[in-house]
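For reference, the structure discussed in these notes is given below.
The values are calculated or read from the model by the stated rules, or taken from the named source; none is laboratory data. As the structure is a prediction and not an experimental result, all values here were calculated from the model. Glycine also receives a Cβ, built like all others from the backbone with ideal geometry; neighbour counts cover every protein chain displayed.
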Amino acid sequence: MLQLTTNLNLTEARPLTILYDSQAPTFELPDYSTIQPTNASVTATIIASDAGTGISKLTVAPEDADKITVSPYTDGAFTVTVSENITTKLILSDELGNRVLVPISVSNIDRAAPSALASSNIVTKGARQDGVITVDVSDKNDTTVSFALIQDPADNHILTETDYALFQSSHSVEMQSSPVIINGEGNKQKTYTIDLKGLSGSYAIGVKAVDTAGNVTEKVFFDSKLDLVDAEASIVSVSANPATTNHCNG
Ligand SMILES: [Ca+2]
Ligand SMILES: [Ca+2]
């Protein structure tokens with residue numbers, strides 16, 4: 001800051017202040033409301049000041065305007081609301097247009113529910129038909145997954161606690177899961193293999209997958225519905241057949 005004093009006329013001396021300010025404002029790096037996975041917008045507080053002419057504005061580039069909004073300068077800071085993941089720079093200016101770029105980066109917003117895809121196969125052993133259902137669950141973030149078992153599912157079946165309890169309690173259900181891998185889309189994917197053994201009737205698997213941002217996928221895999229046959233009783237009667245006995249002895 002430079003002060004000049006000049007005489008405007010012979011009888012009166014007035015101070016004339018000229019602000020000389022070539023310095024850009026200073027700022028602290030953004031302080032984010034959360035860096036954990038979230039399905040909401042993230043706010044960032046940017047403390048800024050200017051020793052010369054004072055802060056004027058914090059500007060968003062036009063191409064980022066749909067993702068970032070800036071509140072007016074209040075109490076020495078701007079509050080920036082980020083609605084989508086983005087890495088970019090904001091422009092911080094003083095009253096004379098001296099400017100500096102403020103980096104801002106948000107990558108923890110996740111508004112997408114997990115993906116859950118299933119395929120199924122019948123495993124035939126004589127007259128017996130068991131089922132194998134493979135379920136791939138993937139998401140940007142970690143997921144918590146629960147399965148349900150539904151007998152004779154209607155097309156519009158809505159999963160209930162009873163369905164989840166049946167999956168847990170049924171001795172006909174065996175499940176194994178793979179370690180988490182990173183799939184081709186860069187998401188965390190886990191594969192669950194569910195064996196259904198010794199059941200008779202039409203069965204479908206349901207799933208509820210919740211990611212760490214709180215997004216939920218809940219569905220019944222109608223397309224992977226299986227018609228199962230528990231034929232142990234008939235196998236026993238075949239074993240009692242003399243012809244079979246002879247074959248076994250030979
Ligand atoms: Ca300045
Ligand atoms: Ca997600």
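Taking the listed residues Ala24, Ala44, Ala40, Ala51, the one that is within 26 Å of the chain's Cα centre (by Cα) and not in a strand (DSSP E or B) is Ala40, with no other qualifying. Taking each residue of segment 33-53 that is at pLDDT below 95 and looking for partners that are outside any strand (DSSP E or B) and of a type in the set (A, V, I, L, M) with beta-carbon atoms closer than 7 Å, six or more apart or interchain, yields Gly52/Met1; Gly52/Leu19; Thr53/Leu19; Thr53/Leu96. Taking segment 172-188 as the range and being exposed (fewer than 15 other Cβ atoms within 10 Å of the Cβ), within 15 Å of the chain's Cα centre (by Cα) and part of a strand (DSSP E or B) as the test, only Ile182 passes. Cβ-Cβ contacts under 6 Å between residues 6 or more apart (or on different chains), taken from a first residue in segment 103-116 that is within 17 Å of Val210 (Cβ to Cβ) and in contact (Cβ under 8 Å) with a residue 12 or more places away in the chain to a second residue that is among the β-branched types (Val, Ile, Thr) and not in a strand (DSSP E or B), are listed as Asn108/Ile35.
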